[in-house]
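See below for the structure under consideration.
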Amino acid sequence: MLTLKEIFVFSETSPLLFSQYLFIFIFTVMYGIYAAICDRLNLRSFYLMCFGIFFYYRTGGWFFSLLVLSTIYDFYLANAIHKANSKVKRKVYLIISLTINLGLLAFFKYTYYFTDIINGLLHTNFHPKNIFYIFSNDVFGTHFDINKIILPVGISFFTFQTLSYTIDVYRKHIEPARNILDFGFFVTYFPQLIAGPIVRAVDFIPQIAKKFSLTEREFGHAIFLIMGGFIKKAVISDYISINFVDRVFDAPQLYSGFDNLMAVYGYAIQIYCDFSGYSDMAIGISLLMGFRLPLNFNSPYVSLSITEFWRRWHISLSTWLKDYLYISLGGNRKGKVRTYINLMITMLLGGLWHGAATRFIIWGALHGAALAIHKAWLEFVPWAGKQNSRWYNILAGLLTFHFVCFCWIYFRADNVPTVEMMISRIFNNFSIPDIAVKVAAYWKPFAFILIGYFLHFLPKNIKIQMEDKFSAVPLALKVGIVAFVIIAAYQVASSEVQPFIYFQF
């Protein structure tokens, strides 16, 4: 029996997740009210903005105030950019916006990392202090621990989202939002607020002025996405994580080379099912409310090159980095050498965006170097980018997949020594006769890994046919199928609900 406290009060140990029964209950109540007001545009925007703030509070606590502040200052700075009568003023307002947004991101995400670097280089002993907690304690009489800097949930996502808005206004790609209500709705829109897709104002804000519309085909598509995303996250990803991957990555020295290799393959499909599962649910939930979000994953492990991988993986981030960082650095307009440098810088910063740790920088550097090498390969071997033989494509696909998996070790491991240990175990402690014993011992998590890859590699036309057949069944049967899938999934799923991996970013 749910209590009002469980519904309305934030808990660090139980944040609100799409894959929980609690969210299904809250969303059902919210959607019932939404259905009654969805044709009244201003009321709809206000209602969804309030729900977005509540959703963020239930997921990230009192940091919702940071979200509100970000909405206010970016709205007025974008308006100032638009109204400025000189290029200098417009640039000044843009710099202020960039400084505030990136400054807050740097404070919450990178203070400890850069302090440790400075202390290591200069042999100093600096200790970071939380200036926001100091202010709150002095002014409001609170008792926050000023030595703690806690990362707000999803700060990287909503920071990039608001940055794209002010930059697009500066570049005159879009007009500013009509009012702060529309902009607030855009910033706090709950389906993609915590972990993307990163939605751009040019794609979303025009939808605010449109009346609610949802065809029968779109309704079926939305439910299919939500159901599929739920299975990928709550069943496949969580089971693999708890029952195998986490154990090996936490202590790789206790496991054989085969175990370590399977943990790498397991993490590759775990993070895909986790993140694409969230994206699918976000896109489906949004579509139920009449708003269209962009595709964020497109079977990335079928890629035949690292360039293609980044066109298929976390599409909203890769296009953001390309449009607002890579192109701003000069893109490919300043010669081949500069192009390779720009790719490296973009991916290094992309790695740092994921986390304040050397392993993320290495992960970004590896992808940046691979992108540059692939671009050079196409320059010197032009036929490589055209239609090639089946065997060439198989080799290219295997090479790309295993390079991505190798990089995932840096992404998942707690530190670089853990990476070195895993690689050492894979190459120096791999026993072929041991494989049968390990498969028998871990057949359940291995089966879930196999299921995850099977679903990922299903041909697109088969996925479309499955979706079409689901959309064609009567509404009552749809409800029955969804209820059966959810109940069955919870029976199979791990008892411990895992936060989405990208919540930490």
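Pairs meeting the criteria (first residue in segment 130-152 and within 17 Å of residue 61 (Cα to Cα) and among the basic types (Lys, Arg), second residue modelled with pLDDT under 85 and open to solvent by less than 70 Å² (accessible area, probe 1.4 Å), beta carbons under 8 Å, at least 6 apart or on different chains) are 148/133.
Taken together, the criteria place residue 285 among residues that are open to solvent by less than 10 Å² (accessible area, probe 1.4 Å) and not basic (Lys, Arg).
If the condition is being within 23 Å of residue 187 (Cα to Cα) and in a loop (DSSP other than H, G, I, E, B), then segment 124-158 contributes 150, 151, 152, 153, 154.
For the residues 74, 116, the requirement of being open to solvent by 80 Å² or more (accessible area, probe 1.4 Å) and either part of a helix (DSSP H, G or I) or without any contact (Cβ under 8 Å) to a residue 24 or more places away in the chain (or both) singles out 116.
Only a single item in (1) under 18 Å from residue 260 (Cβ atoms); (2) among the hydroxyl-bearing types (Ser, Thr, Tyr); (3) within 30 Å of the chain's Cα centre (by Cα) is not met by residue 471, and it is number (1). Kindly establish whether residue 278 is among the hydroxyl-bearing types (Ser, Thr, Tyr), at pLDDT 90 or above, closer than 26 Å to residue 159 by Cβ and in contact with a His (Cβ under 8 Å, 6 or more places away or on another chain). Answer is no for this residue.
Do we have residue 282 as closer than 20 Å to residue 443 by Cα and assigned to a helix (DSSP H, G or I) here? Spelling it out, it is not the case that residue 282 is closer than 20 Å to residue 443 by Cα and assigned to a helix (DSSP H, G or I).
Of the helices (runs of 4 or more DSSP H) lying entirely inside segment 1-68, the ones with 3 or more residues being open to solvent by less than 60 Å² (accessible area, probe 1.4 Å), touching a residue at least 40 places away in the same chain (Cβ under 8 Å) and of a type in the set (A, V, I, L, M) are found at 41-60. Between 111, 99, the distinction of being loosely packed, with under 12 Cβ neighbours inside 10 Å and within 27 Å of the chain's Cα centre (by Cα) belongs to 99 only. One residue alone among 391, 353 is of a type in the set (A, V, I, L, M, F, W, C), under 22 Å from the mean Cα position of the chain (by Cα) and either in a helix (DSSP H, G or I) or at negative phi (or both), and that residue is 353.
Suppose we filter 435, 486, 464 for residues that are modelled with pLDDT of 90 or more and β-branched (Val, Ile, Thr); which single one remains?
Working: 486 fails: modelled with pLDDT of 90 or more; 464 fails: modelled with pLDDT of 90 or more.
None of the other options fit; the residue is 435.
One residue is enough: does segment 171-181 have a residue meeting the conditions part of a helix (DSSP H, G or I) and modelled with pLDDT of 90 or more? Before you say what the answer is, go through the steps one by one.
From segment 171-181, those part of a helix (DSSP H, G or I) are 180-181; that's our starting set.
Filter once more, so that each one left must be modelled with pLDDT of 90 or more: 180-181.
Yes, segment 171-181 contains at least one residue that is part of a helix (DSSP H, G or I) and modelled with pLDDT of 90 or more.
Considering 47, 57, 34, 76, the condition of being under 26 Å from residue 150 (Cβ atoms) and of a type in the set (Ser, Thr, Tyr) is satisfied by 57 alone. Set side by side, the residues 92, 88 differ, and just one is surrounded by 13 or more Cβ atoms within 10 Å (Cβ to Cβ), of a type in the set (Val, Ile, Thr) and at negative phi, which is 92. Could you look through segment 322-378, keep only residues that are in contact (Cβ under 8 Å) with a residue 12 or more places away in the chain and basic (Lys, Arg), and pick out the one that is least open to solvent (accessible area, probe 1.4 Å)? Selected residue: 359. Considering (1) within 29 Å of the chain's Cα centre (by Cα); (2) more than 21 Å from residue 325 (Cα to Cα); (3) aromatic (Phe, Trp, Tyr), the lone condition that residue 140 does not fulfil carries the number (1).
Look at (1) more than 30 Å from residue 155 (Cα to Cα); (2) open to solvent by 60 Å² or more (accessible area, probe 1.4 Å); (3) part of a helix (DSSP H, G or I) and you find that residue 406 fails only one, number (1). Exactly one residue out of 307, 319 is hydroxyl-bearing (Ser, Thr, Tyr), open to solvent by 10 Å² or more (accessible area, probe 1.4 Å) and in contact (Cβ under 8 Å) with a residue 12 or more places away in the chain, and it is 307. Evaluation of residue 290 against the conditions (1) within 19 Å of the chain's Cα centre (by Cα); (2) within 30 Å of residue 39 (Cβ to Cβ); (3) open to solvent by less than 20 Å² (accessible area, probe 1.4 Å) shows that the sole unmet condition is (1).
Looking at 187, 202, 169, can you tell me which residue is free of Cβ contacts under 8 Å to residues at least 40 places away in the same chain and either surrounded by 14 or more Cβ atoms within 10 Å (Cβ to Cβ) or touching an Asp or Glu at 6+ places or on another chain (Cβ under 9 Å) (or both)?
Details: 187 fails: free of Cβ contacts under 8 Å to residues at least 40 places away in the same chain; 169 fails: free of Cβ contacts under 8 Å to residues at least 40 places away in the same chain.
The match here is 202.
The values are calculated or read from the model by the stated rules, or taken from the named source; none is laboratory data. What you see is a predicted model, and the numbers here were worked out from it, not measured in a lab. A quick note on method: Cβ atoms are made from the backbone with ideal geometry, for glycine too, and the neighbour counts reach across all protein chains shown. Surface accessibility is based on the protein's heavy atoms, side chains included, excluding ligands, DNA and RNA. Shrake-Rupley method; radii C 1.70, N 1.55, O 1.52, S 1.80 Å.
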